[in-house]
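Worksheet: the structure to be examined is printed underneath.
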């Protein structure tokens, strides 16, 4: 198990690749099994990047999951990670709770990412943690109007409240709130996510 005194924590939001219950918007194109397999592949690819980062810097890796249970995730992804269920609530409530728990556990810099961004890399994660040395918020905008990464150095509940999750206004609304709070924001390069059938070429063209 990794050294638990690290000041940096990378939280990966994902869900267990159960057919029919994951990547449901892709089932029309891939079928239940195919959509679940894509979820599995993208999670594993994200973990490759995360472990690459952790091999160079003292970063605790946490998988914050929906469905499946800790034992299934340990069997799938290994025992070198922390596994925590996301719990109830909308996406904002679940992310806010994950940040709160990390800071209460002693983390100083916390970055949270999803698993549906084929262009994500260890270098981007490193840039996010480096930016938190002198910025309050780091955001990685997705080209569909959401964001694929958010980094904080203290819990800021306002960033997760009254956000129209699942719409093209998530990033802009979050940035608007941050600016209204006079927070110093660093934005990463925008990337494409894979959420709908028309997004599949993004995964096919990636270097996974």
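Just so you know, all these numbers are worked out from the coordinates, no wet-lab data involved. Model, not experiment: these values are computed from the prediction. So basically every Cβ, Gly included, is an ideal-geometry build from the backbone, and we count neighbours across all protein chains shown.
Filtered by the rule that a residue be in contact (Cβ under 8 Å) with a residue 40 or more places away in the chain and either assigned to a helix (DSSP H, G or I) or more than 19 Å from the chain's Cα centre (by Cα) (or both), the stretch 164-198 gives 178, 183, 184, 197. In this entry, residue 150 passes the filter for residues that are in contact with a strand residue (DSSP E or B) (Cβ under 8 Å, 6 or more places away or on another chain) and surrounded by 22 or more Cβ atoms within 10 Å (Cβ to Cβ).
Annotation note: of 36, 50, 29, the sole residue that is surrounded by 18 or more Cβ atoms within 10 Å (Cβ to Cβ), within 20 Å of residue 194 (Cβ to Cβ) and in contact (Cβ under 8 Å) with a residue 60 or more places away in the chain is 50.
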